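The values are calculated or read from the model by the stated rules, or taken from the named source; none is laboratory data. Fair warning: this is a prediction, and the values are worked out from it, not measured in the lab. Don't worry about glycine lacking a Cβ; one is built from the backbone with ideal geometry, like all the others, and counts go over all protein chains shown.
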Amino acid sequence: TKYKENTRLKVVKEIPDVVIDCVNKRRYMKGRFLGKGGFAKCYELTDMETKEVFAGKVVPKAMLLKQHQKEKMTQEIAIHRSLNHKNIVGFQGYFEDPNYVYIVLELCRRRSLMEMHKRRKVITEPETRYFMQQIGTACKYLHEQKVIHRDLKLGNLFLSNEMEIKLGDFGLATRVDYIGERKRTLCGTPNYIAPEVLGKKGHSFEVDSWSLGCILYTMLVGRPPFETSSLKDTYTKIKKNEYHIPSRVSLPVRQLIQKLLHSDPSQRPTMDQVLNDEFMTLGYLPSRLPTSCLTMAPRFE
Ligand SMILES: COc1cc(C(=O)NC2CCN(C)CC2)ccc1Nc1cc2c(cn1)c(C)nn2-c1cc(Cl)cc(CCC(N)=O)c1
């Protein structure tokens, strides 16, 4: 078989059982493997002094050899550490050793909406309002900080032990430098990618409204709006704005989905408008959700 000439063997060393943050004088005990995403592996990290448990994203420096990858990692850290909101994953700190970069983040013990979706398939309207309210609040804060997330998806919407939404993974996020700026590039493949990003026209905050529409559709219908068996066909449907909302979906939320999935970015509701939409304000909004919702539909008396 023909090997790629330039395949460089990336020697990735073991992650130590105790990781040390020399700058902040903290030591963490590496716990169980939680999962992986991109170049990162995630482990439970326990602060050996306070016993507090975090989610540690660990990235081998062997994967950050190209300047461009270093810059993306730096940008993710710079954006995430600047944020402070109860529905955004807490940023505890970051540090490095000769082989790895470590990002210490708030642990979300109930994983993410992706696992809940896989288990439940569709969820009730009150649960949807509950989640949409917290996702919308997090994104409203983000946009007020001039940050676009650009990769809102079920797997980035983590759940705390108390079933609160914690928005995470700022790997594709960007800061808007001046009012009216239209971003031209996006390096990476967002899950719920907006038509204007595919069309390589400028894009801005409205891409997050589009992704929110895809999330809303997926939670209530049980599958993504533009899903096909190939990425190419999915992109074609997105560009043609081809999707179908089953008739069992009630009118108010059908209308909100149609507004959020508008092909013209300027026609999509802002996060403030989502939070004030009649679907959100005219129906029952639970103040909290039991963890039983992860596995079965709740009965709201
Ligand atoms: C206790 O908290 C967690 C547990 C688990 C879990 O049970 N994972 C199992 C581990 C064993 N294998 C076999 C199945 C998944 C997964 C995630 C947890 N919490 C948890 C995970 C977290 C975060 C907060 N909190 C943050 C922030 N970033 N990440 C993060 C980061 C990466 Cl690189 C990858 C993943 C995995 C993606 C996924 N949806 O599983 C997550």
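Quick notes on this one:
- Matching residues in segment 265-285 - criterion: being hydrophobic (A, V, I, L, M, F, W, C) and under 29 Å from Leu198 (Cα atoms): Met271, Val274, Leu275
- Search result, residues across segment 92-123 that are within 16 Å of the ligand (Cβ to nearest atom), under 23 Å from Met271 (Cα atoms) and of a type in the set (A, V, I, L, M, F, W, C): Leu113, Met114
- Condition check for Lys86 on (1) more than 16 Å from the ligand (Cβ to nearest atom); (2) surrounded by fewer than 19 Cβ atoms within 10 Å (Cβ to Cβ); (3) in contact (Cβ under 8 Å) with a residue 60 or more places away in the chain; (4) part of a loop (DSSP other than H, G, I, E, B): one failure, at (1).
- Applying a threshold of 6 Å to beta carbon distances and a minimum spacing of six or more residues, or different chains, the list of pairs starting in segment 24-36 at a residue that is at positive phi and assigned to a loop (DSSP other than H, G, I, E, B) and ending at one that is surrounded by 15 or more Cβ atoms within 10 Å (Cβ to Cβ) and modelled with pLDDT under 95 is empty.
- Within the option set Leu186, Leu172, Leu154, being in contact (Cβ under 8 Å) with a residue 40 or more places away in the chain, touching a His at 6+ places or on another chain (Cβ under 9 Å), of a type in the set (A, V, I, L, M, F, W, C) and crowded, with 17+ Cβ neighbours inside 10 Å holds for one residue only, Leu154.
- Filter pass, Ile77 being in a strand (DSSP E or B), in contact (Cβ under 8 Å) with a residue 12 or more places away in the chain and within 14 Å of the ligand (Cβ to nearest atom): no
- Checking each residue in segment 226-265 for being under 19 Å from Lys200 (Cβ atoms) and polar (S, T, N, Q) picks out Thr234, Thr236, Asn241, Ser263.
- Boolean, Leu142 is closer than 23 Å to Tyr243 by Cα and either part of a helix (DSSP H, G or I) or small (Gly, Ala, Ser) (or both): no
- Selection from segment 29-50 of residues that are within 9 Å of the ligand (Cβ to nearest atom) and among the aliphatic types (A, V, I, L, M): Leu34, Ala40
- For segment 244-260, the condition holds for no residue, the condition being that it is under 22 Å from the mean Cα position of the chain (by Cα), crowded, with 17+ Cβ neighbours inside 10 Å and in a loop (DSSP other than H, G, I, E, B).
- Residues within segment 129-151 that are within 14 Å of the chain's Cα centre (by Cα) and either within 16 Å of the ligand (Cβ to nearest atom) or surrounded by fewer than 17 Cβ atoms within 10 Å (Cβ to Cβ) (or both), tallied: 7
- Of all residues in segment 51-61, exactly one satisfies the criterion of being surrounded by fewer than 17 Cβ atoms within 10 Å (Cβ to Cβ) and within 11 Å of the ligand (Cβ to nearest atom), namely Val53.
- Check on Pro126, in contact with a Pro (Cβ under 6 Å, 6 or more places away or on another chain) and either more than 9 Å from the ligand (Cβ to nearest atom) or hydroxyl-bearing (Ser, Thr, Tyr) (or both): yes
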